[in-house]
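A short write-up of the structure that comes next.
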Amino acid sequence: MRTPELPDDPAQAAATARPRGGRPLRATGLGAAVLMLLGVVLLSIAVGAKSIPLGTVVRGLLTPDGSENAVIVHDYRTTRTLLGLGVGAALGASGALMQALTRNPLADPGLLGIESGASAGVVLAIGLFQITSLIGYVWFAFAGAALTAVVVYVLGTTGRGAATPVRLVLAGTAVNAALIAGISALTFLDDRTFAAMRLWSVGSLAGRDADVLTEVTPFLLAGLVIALCLPGALNALALGDAAGAALGARVARTRVLGVLAITLLCGAATAAVGPVGFVGLTVPHIARLVTGPDHRWILPYSVVLAPVLLLGADVVGRVLVRPDELAVGIVTAFLGAPVIIVLVRRRRVAAL
């Protein structure tokens, strides 16, 4: 009897592996994740740095009367929760896309330099144009993210051949290093810029009003729509570019749309709340524990589970050091780092 050959490429092995459980199991898991998300949303609205009775929270949501507690619940906590929902979904989807497009299990939305591009836009807005309001420099952050994505893609496609995962990662790493150097130079030369960036760069849902949510929502929705249209092509590309093309995937088109979706999602999320680490890196791996390598399930799971992590971390940051708060970016780093260590030790990280 002939022994079947095993694929040498981990991506090929993952793409051809049998899914972890059938469709009913994965659908049940997704339903459970949605219920978890609803619970965390309610918790985010009910719990905060200031203790408010549950009855007052409900009245503030249903019939706001202009009281201090009603304003906190309706205008601050609800807006903060909705922003966390959108940003979390964006980070989860962009992380899953990054790992699929680069075939790199440790890829996150910052790998292509998009987060650093957004940070560079904020530095320029504050240092050169004296813009200090969040709603003022959110557009600079998004423009910086978009311009960085274009530069990385152009560098990754320059020369012979089309864009490949390795070339995109190398271009993103080089651009990211250059941007970080420029940001550091500008912030240390200007005390006012340094003070503003110190607050923005940790990543926080606090202090964002409804205008910020309104500005970034169209970009978040557009990015999510594009991302959720790509799972079939991503499954084919997991076998490699040549095999994916043979299966009918349009490799260049898929990569362009993927980079566009990552730019919209990561750029808008970073512009709104600052850079938040580990969410886009951690959540897709958690999703794969249930779904296996099928991106038709990984992306929906990531879109649902990432806000669970982000809003949960935000609630922890509010109550851990009452009456002060910890920025959500700090909490996600503490929560996400141990999860990644566990995943690496279990050797599930290579299964893309």
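The values are calculated or read from the model by the stated rules, or taken from the named source; none is laboratory data. Predicted model only: the values in this text are computed from it and were never measured. Heads up, the Cβs are rebuilt from the backbone with ideal geometry, glycines too, and the neighbour counts pull from every protein chain shown. These accessible areas exclude ligands, DNA and RNA; they are computed on the full protein's heavy atoms, side chains included. Shrake-Rupley method; radii C 1.70, N 1.55, O 1.52, S 1.80 Å.
Starting from one equal scatterer on each C-alpha and no solvent at all, send me the Debye-based log10 I(q)/I(0) for segment 211-267 at q = 0.26 Å⁻¹, two decimals.
For segment 211-267 at q = 0.26 Å⁻¹, log10 I(q)/I(0) is -0.94.
Using a 1.4 angstrom probe with every protein chain in place, what is the largest-first accessible-area order of T63, T56?
Numbers: T63 90, T56 30 Å².
Largest accessible area first, the residues go T63, T56.
Based only on the alpha carbon positions, what is the Kirkwood hydrodynamic radius of the chain, in angstrom? Please list the in-between numbers first.
Values: mean 1/r = 0.0478 Å⁻¹.
By the Kirkwood definition, the hydrodynamic radius is 20.9 Å.
Once each part is reduced to its C-alpha centroid, what is the distance from segment 244-323 to segment 99-116 in angstrom?
Cα centres, segment 244-323 to segment 99-116: 11 Å.
On a 0 to 90 degree scale, rounded to 10, what angle separates helix 78-102 from the longest Cα axis of the chain?
With both axes taken from Cα atoms, the answer is about 20 degrees.
For the chain, with the dipole built from +1 on Lys and Arg beta-carbon atoms and -1 on Asp and Glu ones, taken about the Cα centre, which of A268, V225, A238 lies farthest toward the positive end?
Highest projection toward the positive end goes to A238.
Assigning unit charges at the beta carbon (Lys, Arg +1; Asp, Glu -1) and nothing else, what dipole magnitude in debye, to the nearest 20, does the chain show about its Cα centre?
Working: 26 positive and 18 negative charges, 252 e Å.
Around 1200 debye, computed over the chain.
What residues from segment 313-331 fall in the zone where the backbone N is under 16 Å from a label point 7 Å along the Cα-to-C-beta line of K50?
Label zone hits: 318-319, 322-325.
Distance in nm between label sites at A178 and V150, each 7 Å beyond Cα in the beta-carbon direction?
Inter-label distance under the simple model: 1.5 nm.
Residue separation times 0.36 nm, minus the C-alpha to C-alpha distance between I341 and D75: what's the value?
Extending this stretch completely gives an extra 91.9 nm.
For an R0 of 25 angstrom, estimate the FRET efficiency from the Cβ-Cβ distance between V321 and A195 and round to the nearest 0.05. Could the numbers behind the result be given before it?
Numbers: r = 21 Å, r/R0 = 0.85.
Step by step, r from the Cβ atoms, then E = 0.70.
Report the rotationally averaged projected area of segment 209-352 based on its alpha-carbon convex hull, in square nanometres.
On the way: hull surface 37.8 nm².
The directionally averaged projection comes out at 9.5 nm².
Round to the nearest 0.05 the FRET efficiency obtained for T217 and L247 when R0 = 35 Å and r is the Cβ-Cβ distance. Could the numbers behind the result be given before it?
Values: r = 35 Å, r/R0 = 1.01.
Efficiency computed from Cβ-Cβ geometry: 0.50.
After finding the eigenvalues of the alpha carbon gyration tensor for segment 165-287, what semi-axes result from the square roots of 5 times each, listed largest first in whole Å? If you can, show how the numbers build up before the last one.
Values: eigenvalues 211, 75, 29 Å².
So the equivalent ellipsoid measures 32, 19, 12 Å along its semi-axes.
Pick out which of P284, P338, P307 has the largest mean-square fluctuation in a Gaussian network model of the chain, springs linking Cα atoms closer than 10 Å.
Of the options given, P338 has the highest mean-square fluctuation.
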